[in-house]
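Before any comments, here is the structure.
Nothing in this text is a laboratory measurement; each read-out follows from the coordinates by a stated rule. What you are looking at is a predicted structure, and each value in this text was computed from that prediction instead of being measured. All Cβ positions, even for glycine, are placed from backbone atoms using ideal geometry, and neighbour counts span all protein chains on display.
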Amino acid sequence: MGKGCKVVVCGLASVGKTAILEHLLYGNHTVGSESNQTQEDVYVASVETDRGVREQLRLYDTRGLHDGVDLPKHYFSVADGFVLVYSVDSLESFKKVDALKKEIDKSRDKKEVTVIVLGNKTDLRDRRQVESDVAQQWARGEKVKLWEVSVAERSSLIEPFTTLTSRLTQPQSKSAFPLPGRKSKGTTSNDI
């Protein structure tokens, strides 16, 4: 297991950040049960990457954001990655994710960070305010991967965190783009 990567999980209040983490890690969240407002919690997870290697993630479950409350600035300097969460039944929460992504881009100061986006509460189909195709189009424009998930379906939570961990811990020595005139080390990939 390598160094622990620091991942900040953030979004508007009540989008399900804590529920996602607790159900992913412990499988013990009951949909519809309200939790107390989170101030900040840190979860440590051992996640298997797509390379079959277990890596450690330190997941910072942040306080839910609302009007007048921004993500504290220190998160931008310590994070290796971000999980931005919105609720598909709240257009306001999706707009907050857009604002957070812009803030991350502005403040990362050439530091490479990985950002993924989760649209939570897909089980609330009849209350949907954020259409899937609109969210995916936004994600392509921002060059981030977006998954729509539901805490009601634990299996929907696994792939995003496996992908995130794989990207964060990608071996630095291997490049998908070999330099001209040099022989590529390792196996070549047609998977681009």
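If Lys and Arg each add +1 and Asp and Glu each add -1, what is the summed charge of the other residues whose beta carbon sits under 10 Å from the beta carbon of Gly81?
Cβ neighbours under 10 Å give a net charge of 0.
Non-local amide H neighbours of Phe82 (under 5 Å, H modeled in plane, Pro and chain starts lacking H): which ones?
So Phe82 has HN proximity to Val8, Thr114, Val115, Ile116.
Using label points projected 7 Å from each Cα along Cα→Cβ, tell me how many nm separate Ala13 and Ser77, to one decimal.
Rounded to a tenth, the inter-label distance reads 2.8 nm.
Give the calculated FRET efficiency between Glu131 and Glu153 to the nearest 0.05, with a Förster radius of 30 Å applied to their Cβ-Cβ distance.
Efficiency for this residue pair is about 0.95.
Taking every pair of distinct Cα atoms and averaging 1/r, then inverting, what Kirkwood hydrodynamic radius in Å comes out for region 47-143?
The Cα-based Kirkwood calculation yields 14.9 Å.
What does the highest-first list of 143-153, 127-137 look like by mean Cβ count within 10 Å?
Details: 143-153: 18.4, 127-137: 13.9.
So the peptides 143-153, 127-137, ranked by packing, come out 143-153, 127-137.
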